[in-house]
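So the structure is just underneath, and the comments pick up after that.
The values are calculated or read from the model by the stated rules, or taken from the named source; none is laboratory data. None of the values given here were measured: they were computed from a predicted structure. Glycine gets a Cβ as well: all are built from the backbone with ideal geometry, and neighbour counts include every protein chain shown.
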Amino acid sequence: MMWYRDTPFVLGGAPQAHLKVQGLSAGYGAFLVLRDLHLDVRPGLTVVLGPNGAGKTTLLKALNGLIRRQGVVTLDGQDLPEKTDRIVKAGVALVAEGRQLFPQMTVLENLELGGWLCPKAERARRLEQAFVDFPKLRDRAQQLAGTMSGGEQQMVAVARAMMSSPGLLMLYEPSLGLAPRMVDELLGIARRIADSGTTVLMVEQNVKKALAVADRGYVLERGALVASGPAKLLARSTVVREAYLGAATAPSTPVSPTAARATAAV
Ligand SMILES: Nc1ncnc2c1ncn2[C@@H]1O[C@H](COP(=O)(O)OP(=O)(O)OP(=O)(O)O)[C@@H](O)[C@H]1O
Ligand SMILES: [Mg+2]
């Protein structure tokens, strides 16, 4: 049995959420990591790729109010709030690094926490839907989250995020540290969620697999975008490879004309 059912997901909030990021800058104290980023996160599945230190974590932190940001960020035309709790209320859910489950609580309790904003009856309804979308979690409802494998915990983290019925789901490296089969399932889930109407913004290191399931992609390098476009085109471009090899071998390599063209072509 797969971790998710092979039919459209039930959970999800206002469909077709659209996040627009214009001139986003953010960093730590005086150290600016992200400089003047422009992202158009349309309904569907958007992936942000980039080598270590590119600023992927910083981007998700800035969008979720965990660090201060400059620039204009709108969700469906409304300014995205600055504070995390208000961002959540605006319909944004984040599956952050390390999953952040409560290890001493059961799967069921962790899932319920994902629906803390909604009334009890609605929470129960969503819980039932979570068990429909993620059937294996029903069998594991009473297991302590901390005793699950990494991949299983990632499933719980995604299901918990979906319990808030988000319009926009942000996923931080869902495949990190997982076996290939589990990676496929997680990326399959991300795709399924996007197909069901919840917009997904995913950060991933697994370039090949991420681009295979995504609609669009951005490549971030040293805090700036060096390429963007339809996932199929990015997968074929040399830009993606350059971004990674560039980081591994020659950090000072300037953005190539190829990369500049790829960005301009979007
Ligand atoms: N709390 C912090 N204080 C100061 N600098 C930070 C802090 N967190 C990250 N940085 C710096 O910001 C830059 C971007 O880091 P970030 O974690 O966003 O990259 P990343 O793309 O997520 O990398 P990785 O793939 O390794 O997770 C790095 O130079 C990093 O050293
Ligand atoms: Mg990171």
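Restricting attention to region 16-59, which residues are in contact with a strand residue (DSSP E or B) (Cβ under 8 Å, 6 or more places away or on another chain), near ligand 1 (Cβ under 9 Å from one of its atoms) and among the polar types (S, T, N, Q)? Matches in region 16-59: Thr57, Thr58.
Within region 85-106, being in contact with a strand residue (DSSP E or B) (Cβ under 7 Å, 6 or more places away or on another chain), of a type outside the set (D, E, K, R) and within 16 Å of ligand 1 (Cβ to nearest atom) holds for Leu94, Val95, Ala96. Here the helices (runs of 4 or more DSSP H) wholly within region 176-241 that include at least 2 residues being outside the structural domain of Asn52 (by TED's automatic domain parsing) are 231-236. Here Ala62 does not qualify as among the small types (Gly, Ala, Ser), within 16 Å of ligand 1 (Cβ to nearest atom), in contact with a Phe, Trp or Tyr (Cβ under 8 Å, 6 or more places away or on another chain) and closer than 29 Å to Gly150 by Cα. Note on region 36-56: residues that are of a type in the set (S, T, N, Q) and within 14 Å of ligand 2 (Cβ to nearest atom) amount to 1. Among the residues of region 200-220, write down those that are at pLDDT below 95 and surrounded by fewer than 19 Cβ atoms within 10 Å (Cβ to Cβ). Residues satisfying the conditions are Gln205, Lys208, Lys209, Ala212.
Out of everything in region 169-184 that is buried (at least 19 other Cβ atoms within 10 Å of the Cβ) and not hydrophobic (A, V, I, L, M, F, W, C), what residue ends up being nearest to the chain's Cα centre (by Cα)? Selected residue: Tyr172. The number of residues in region 77-108 being touching a helix residue (DSSP H, G or I) at 6+ places or on another chain (Cβ under 8 Å) and among the acidic types (Asp, Glu) comes to 1. Pairing residues of region 223-235 that are under 14 Å from Gly44 (Cα atoms) with residues that are within 16 Å of ligand 2 (Cβ to nearest atom) and among the small types (Gly, Ala, Ser), at Cβ distances under 9 Å and at least 6 apart in sequence or on separate chains, gives Ala231/Ala210. Check region 96-115 and report whether any residue there is under 17 Å from Met202 (Cα atoms), touching a residue at least 60 places away in the same chain (Cβ under 8 Å) and surrounded by fewer than 23 Cβ atoms within 10 Å (Cβ to Cβ). So far as region 96-115 goes, yes, one or more of its residues are under 17 Å from Met202 (Cα atoms), touching a residue at least 60 places away in the same chain (Cβ under 8 Å) and surrounded by fewer than 23 Cβ atoms within 10 Å (Cβ to Cβ).
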